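Derivation of every value follows stated rules applied to the coordinates shown; laboratory data play no part. Note that the coordinates shown come from a computational prediction; the quantities given were computed from them, not determined experimentally. We place every Cβ from the backbone using ideal geometry, glycine too, and count neighbours over all the protein chains shown.
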Amino acid sequence: MIYIIRVTICVFLFTLVATFGYAQNFPDEFSSDDCYTSISVGAGVANTRVCISSTGNLTKFTTGGVEHLAVSDVIEGYQLCWNNAYGGPFDKGVYTNGFAPTTTIYQPNGRNTMPLRITRKGVSGSPYPFRFEQEFSLRSRPYGPTEVIITAKFYNTGTETLPDLKIWRFFDADVNGDYGDDRGIRTAHSVTIMDANGTPASMTLAAGILDKPHRTGITDNISIEQEVGETGFSRCHSVGDGQPAMVDQDGDYAGELTYEVGDILPGRVKTVEFIYRVE
């Protein structure tokens, strides 16, 4: 009887944690690049498996048993920029800066399930207090690729207007499980990195809300490594500037997309949406 009571209490406590959120602490200078949540849908060649870190980075994107992201260095992440000069908080998966060390995770159905919402705040004493929420969901189609949808909400929790906010997302694609032999193409609303060797495949990052100003770009993984490092250098303001619509030489490329959100009044929220897919 005592054993049954203890089990009941444990289940009750677990339910409370899953319902009201789960907080983890990490050092401010390093993010968790683990597979905090692993989701797999479909079977065989239609199987899609993604991993999401506890700080809101994609760390795996596998289709039909072939990996398209987690090869060599895994770089996928986001940055907040404002005021036309300040790079702002960022997280590229293996390094982060500008976010408070506590990350709050809301996952009402338990580990490795959707929906998943990850909330971060700025470091104490930052000039513009904010809350940044990312909600992850999967959308699968009977005869098409599964999409990872990231709905990002930025809350101005301060008392001053936050000027000229931009939200930038980027990924270093390693399509078909290798790197150095990819090419890229971008449109006004999406950027695609593709590998034409063997069985051709591609990884795409697209805007999910088209009536909010946004820009796409193709860069190389070295630029992402160098420009989103310890210095906090920002590409939010240069995405797409002077870049061609197509890169037709083999290389190791990264795709990027920036929403130009604009000013946010105190107490207001702005919502953007990013969509990933492999096909």
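Measuring between their Cα centroids, the stretch 50-71 and the stretch 134-169 lie 18 Å from each other. Charged side chains reduced to their Cβ positions (Lys and Arg at +1, Asp and Glu at -1) give the stretch 46-142 a dipole of some 280 debye around its Cα centre.
Estimated at 0.36 nm per residue, the fully extended path between VAL45 and ASN109 surpasses their Cα-Cα distance by 20.3 nm.
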